[in-house]
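Visitor: Following this message is one structure expressed as structure tokens.
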Amino acid sequence: MPSEPALGRYTVAPIWSRPRARSIMRSQLLLGEPVDVLEDFGEYARISFDGGRAEGFVSRDQLLPVSPALHAAQTTHPAYALELFGMLLGDSFGMPVTFGARLPAYDGLQLHHDGRRFLYSGQAVLAADLTRDAALLLRLGRKWLYVPELPGGRTPTGIGNAELIQLLIGLLGVDLPRTVAPMSTGGTPVDFVEQCQSGDLAFFDDGRGGIRHVGILLPGSQVLHVYGRVRVDAVDHYGVFNRETGRYTHRLRIVRRFLPDTAPAGQIRLDDRFAEGPKDSQQILIF
């Protein structure tokens with residue numbers, strides 16, 4: 001059976017591990033995101049998502065069948081909503097949208113979706129106008145501070161660790177999977193901590209050899225990641241240090257670069273202690 005192109009029809013839809021609600025939520029589908037419908041299961045459909053790297057089940061009502069041309073446009077050069085929460089205003093009703101939603105046929109003011117015209121006055125940008133810039137990545141990331149953690153979540157009401165990184169860096173044209181382990185095999189390895197730069201992705205292991213956590217390196221020996229909530233913590237050559245509890249929560253495994261190299265002046269400088277935090281002279285700052 002050939003696949004059928006479709007988009008996320010409404011604000012957000014859960015992607016289930018099985019064709020029924022209350023199974024494990026694998027991920028979420030945002031408005032306008034492209035998927036391929038593989039098989040019909042009555043009220044549910046089996047879909048391929050995340051660039052064909054994953055499969056799951058979505059309620060049929062949450063999927064909008066579209067032409068291959070529109071599916072391709074939403075895949076390769078979409079327009080993204082950049083407000084954490086926004087509103088599409090139609091002729092007779094409104095529809096909420098969240099950060100990262102893809103706005104079909106958006107012209108800077110209006111879009112066309114599900115046979116209707118909507119106005120969108122929030123901040124939005126065409127993918128073609130976004131550059132692979134670390135400063136932009138960090139600005140977008142800081143919008144999410146204090147959003148609660150939700151495994152598989154992809155909205156400001158709850159977001160997963162890998163999902164936040166994938167959503168943010170995906171806006172800059174870097175195609176990453178939604179899970180940590182395969183994400184850690186991409187990009188370019190940074191072999192020495194003194195070569196790290198803002199926007200590099202730091203990957204952390206679970207103490208048993210598996211890579212289970214990821215964060216974005218920030219200036220000032222900090223990392224933006226999801227641990228209970230979206231937060232900024234101290235980081236050094238050993239791992240993530242939580243100043244609230246006075247202990248390390250994640251052990252650094254590798255650092256990989258997905259954005260262009262900066263000039264040497266933008267690279268990280270080492271130091272021998274945290275400005276605020278552990279006073280152990282053995283600590284080595286990344287930034």
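The values are calculated or read from the model by the stated rules, or taken from the named source; none is laboratory data. The structure displayed is predicted, hence computed values, not measured ones. Cβ placement follows ideal geometry from the backbone for every residue including glycine, while neighbour counts extend to all protein chains displayed.
Visitor: Does LEU224 meet the test of being within 21 Å of GLY170 (Cβ to Cβ) and either touching a Cys at 6+ places or on another chain (Cβ under 8 Å) or among the small types (Gly, Ala, Ser) (or both)? Break it down stepwise before answering.
Guide: Working: within 21 Å of GLY170 (Cβ to Cβ): yes; either touching a Cys at 6+ places or on another chain (Cβ under 8 Å) or among the small types (Gly, Ala, Ser) (or both): no.
The answer is no for LEU224.
Visitor: Starting from region 51-65, keep only residues that are free of Cβ contacts under 8 Å to residues at least 24 places away in the same chain, then list their pairs with residues that are crowded, with 21+ Cβ neighbours inside 10 Å and assigned to a strand (DSSP E or B) whose Cβ atoms are within a distance under 6 Å, requiring at least 6 positions of separation or different chains.
Guide: Close Cβ pairs satisfying both conditions: ARG60/ALA45.
Visitor: To continue, here is another question. Being farther than 14 Å from ALA124 by Cβ, in contact with a strand residue (DSSP E or B) (Cβ under 7 Å, 6 or more places away or on another chain) and crowded, with 19+ Cβ neighbours inside 10 Å: is that true of ALA79 here? Give the derivation first.
Guide: Working: farther than 14 Å from ALA124 by Cβ: no; in contact with a strand residue (DSSP E or B) (Cβ under 7 Å, 6 or more places away or on another chain): yes; crowded, with 19+ Cβ neighbours inside 10 Å: yes.
Judged against the criteria, ALA79 is not a match.
Visitor: Starting from residues that are part of a helix (DSSP H, G or I) and of a type in the set (Lys, Arg), keep the ones in region 116-162 and report whichever is nearest to TRP16 (Cα to Cα). Quick ask: steps written out before the conclusion?
Guide: At the first step, the residues of region 116-162 found to be part of a helix (DSSP H, G or I) are 127-129, 134-142, 161-162.
Restricting the remaining residues to those that are of a type in the set (Lys, Arg) gives 139, 142.
Working: ARG139: 31, ARG142: 29 Å.
Checked region 116-162; the qualifying residue nearest to TRP16 (Cα to Cα) is ARG142.
Visitor: Further, regarding this structure: For residues that are hydrophobic (A, V, I, L, M, F, W, C) and either under 20 Å from GLY173 (Cβ atoms) or assigned by TED's automatic domain parsing to the domain that holds GLY152 (or both), tally how many sit in region 32-53. If you could, list the steps in order and put the result at the bottom.
Guide: First, the residues of region 32-53 that are hydrophobic (A, V, I, L, M, F, W, C): 35, 37-38, 41, 45, 47, 49.
This time we only want the ones that are either under 20 Å from GLY173 (Cβ atoms) or assigned by TED's automatic domain parsing to the domain that holds GLY152 (or both), so: 35, 49.
Looking only at that region, the number is 2.
Visitor: Would you check if SER184 is in the same structural domain as HIS225 (by TED's automatic domain parsing), of a type in the set (Gly, Ala, Ser) and out of contact with any Lys or Arg (no Cβ under 7 Å at 6 or more places or on another chain)? Write out each step before concluding.
Guide: Details: in the same structural domain as HIS225 (by TED's automatic domain parsing): yes; of a type in the set (Gly, Ala, Ser): yes; out of contact with any Lys or Arg (no Cβ under 7 Å at 6 or more places or on another chain): no.
No.
Visitor: Something else: Being among the hydroxyl-bearing types (Ser, Thr, Tyr), more than 21 Å from ASP36 (Cβ to Cβ) and part of a strand (DSSP E or B) is the filter here, so list the residues in region 63-115 that pass it.
Guide: From region 63-115, those among the hydroxyl-bearing types (Ser, Thr, Tyr) are 67, 75-76, 80, 92, 98, 106; that's our starting set.
Filter once more, keeping what is more than 21 Å from ASP36 (Cβ to Cβ): 92, 98, 106.
Answer for region 63-115, where residues must be among the hydroxyl-bearing types (Ser, Thr, Tyr), more than 21 Å from ASP36 (Cβ to Cβ) and part of a strand (DSSP E or B): just THR98.
Visitor: Condition first: over 16 Å from the mean Cα position of the chain (by Cα), surrounded by fewer than 17 Cβ atoms within 10 Å (Cβ to Cβ) and in a strand (DSSP E or B). Now tell me which residues in region 185-231 satisfy that.
Guide: The answer is THR188, PRO189.
Visitor: Tell me whether region 50-63 contains one or more residues that are within 27 Å of LEU140 (Cα to Cα) and charged (D, E, K, R).
Guide: The initial filter retains those residues of region 50-63 that are within 27 Å of LEU140 (Cα to Cα), namely 50-54.
From the residues that got through so far, the ones that are charged (D, E, K, R) too are 50, 53.
Looking through region 50-63, at least one residue is within 27 Å of LEU140 (Cα to Cα) and charged (D, E, K, R).
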